[in-house]
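Here, each number is a calculation from the coordinates, and none is a lab measurement. Everything numeric here is computed off the predicted structure, so don't read it as measured data. So basically every Cβ, Gly included, is an ideal-geometry build from the backbone, and we count neighbours across all protein chains shown.
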Amino acid sequence: MINSAHINYQNAMKTLQFNVPTMEGQSLTIQEDVMDSFYPHFHSHQEAQLMWIVKGNGVLVVENTLHPFKENDIFFLAANQPHVFKSVSLDRLSNESRSISVFLIRMEN
């Protein structure tokens, strides 16, 4: 079992600025990811993100806090909030992951 802990990941890992693909005038983007493991880099993006873990297990690192996750968990991440979903294999054979994210795009007036 993984316990939540307060650690300093921001000093240990450089935060990458990720650009979510969007179209002009679009207020949200829906993205499905099916991969061997979750995106492995500590990153942030300008968009808020609602993420549903369809398949996979691991630890979500948000700023300096750890949150274990499993299938059917849902997370909300604020805009510009550094994070990474780290895959953890329960059977030591597969880290396969599947997630659906809704990115909420801030509209400029």
Excluding residues fewer than 8 positions from Lys55 in its own chain, the aspartates and glutamates with Cα under 16 Å of it are Glu32, Asp33, Asp36, Glu71, Asp73, Asp91, Glu96
Of all trypsin sites (Lys or Arg not before Pro) in segment 69-101, the ones in DSSP coil with at most 11 other Cβ atoms within 10 Å are Arg92
Surrounding charge for Pro21, neighbours by C-beta under 15 angstrom, Lys/Arg +1, Asp/Glu -1, total -4
Note on the chain, DSSP bridge orientation, antiparallel percent to nearest 5 equals 95
Shape call for the chain, from the Cα gyration tensor axes a ≥ b ≥ c (a/c under 1.5 means rounded, otherwise prolate when a/b beats b/c, else oblate), comes out oblate
So, with points 7 Å from each Cα along the Cβ direction, the Phe76-Glu24 label distance in nm works out to 3.2
Connecting every pair of Cα atoms under 10 Å apart in the chain and solving the GNM, the largest mean-square fluctuation among Leu90, Leu60, Leu16 falls on Leu90
Listed residues Asp33, Asp91, Asp73; largest mean-square fluctuation, Gaussian network over the chain with Cα springs below 10 Å, found at Asp91
Across His67, His83, His43, the residue with the highest GNM fluctuation in the chain (Cα network, 10 Å cutoff) is His67
Full extension between Trp52 and Thr65 adds, at 0.36 nm per residue less the Cα distance, a length in nm of 2.8 nm
Taking the chain and counting helices only, DSSP H stretches of n ≥ 4 at -39,500 (n - 2.57) each over all residues, the nearest-500 ellipticity at 222 nm comes to -500 deg cm²/dmol
So Ser37 and Ile100, fully extended at 0.36 nm per residue minus their Cα-Cα distance, gain in nm 21.3 nm
